[in-house]
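Just below is one structure, and these are the notes that go with it.
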């Protein structure tokens, strides 16, 4: 794991990066590619959030709009109705920092008001010009991702002359936009956007070269969990049967310098990351 940065700050929390961090996925959507429709009620969402926390999640990422390739967008009101009650309920029940997975600044503002610590913007602040200002005003931490377009069209644009160069330029611009709006750089992490406007071969290139993102000087978030490129490698169409493949990307991600792993299966991913970290560093993590 990279020796820097040492901390990632949210609205009120500070997360030490002295070991890999695990972000648990909580989708309150009917159509997410792997777990759509499973956590649509408050009770089910709360129960799953509690399970993620019990399994060792360092952050729980709550999303109300599917961003799988080809997914259609939903209205602001519908996304708010799905997400805000869950965030408010979770914030009062569990001691794990929450992130809201959205590209809509109005939702992000309300999510911060009811308890979220981070905004996870898959557009890297490019879809909503107000998002950077909302993050700055609310003191939010930011996860900034690279994509080639919106989910309903992003897989039409998967050709790059220089994939890693494009990602670095895009994310560098996103960081500057956030900092210029008043976001403290210590609150920013970056995500190369595995599966977002990339081919399977492109995803593999990102994973081989993930260490190159360290030049941005920010923690690296990696989201590979159960994704289609793993299914292609393993000839496994069932997303829920891609755990072993996911864990290999987590372990290799640790070795390549990623800091945070966004996953469906928290406990096994956490264990894989900790063992990979221990091997790489030649010591037992002081904090597990």
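Since every read-out is calculated from the coordinates, none of them should be taken as a lab result. No experiment lies behind these values; they were computed from the predicted model shown. No Cβ is skipped: glycine too gets one built from the backbone with ideal geometry, and neighbour counts run over all protein chains shown.
Annotations for the structure displayed:
- Sorting 135-146, 181-192 by their mean Cβ neighbour count within 10 Å, with the most densely packed peptide first, gives 135-146, 181-192.
- Distance from the stretch 164-198 to the stretch 248-288 (C-alpha centre basis), Å: 23 Å
- Counted over the stretch 7-281, the DSSP beta bridges are approximately 10% antiparallel.
- Highest average first, the peptides 103-111, 166-174 ordered by how many other beta carbon atoms sit within 10 Å of their residues are 103-111, 166-174.
- Here the gap between residue 211 and residue 12, fully extended at 0.36 nm per residue and compared with their Cα-Cα distance, gives a gain of 68.8 nm.
- Each peptide in 242-248, 85-91 was scored by the mean count of other Cβ atoms within 10 Å over its residues; highest first, the order is 85-91, 242-248.
- As computed over the chain, the Cα convex hull volume per residue (Å³): 111 Å³
- Counted residue by residue at 0.36 nm each, then reduced by the alpha carbon distance between them, the extension gain from residue 55 to residue 77 reaches 4.7 nm.
- Estimated [θ] at 222 nm from DSSP helical runs (n ≥ 4, -39500 (n - 2.57)) normalised by residues in the chain, nearest 500: -12000 deg cm²/dmol
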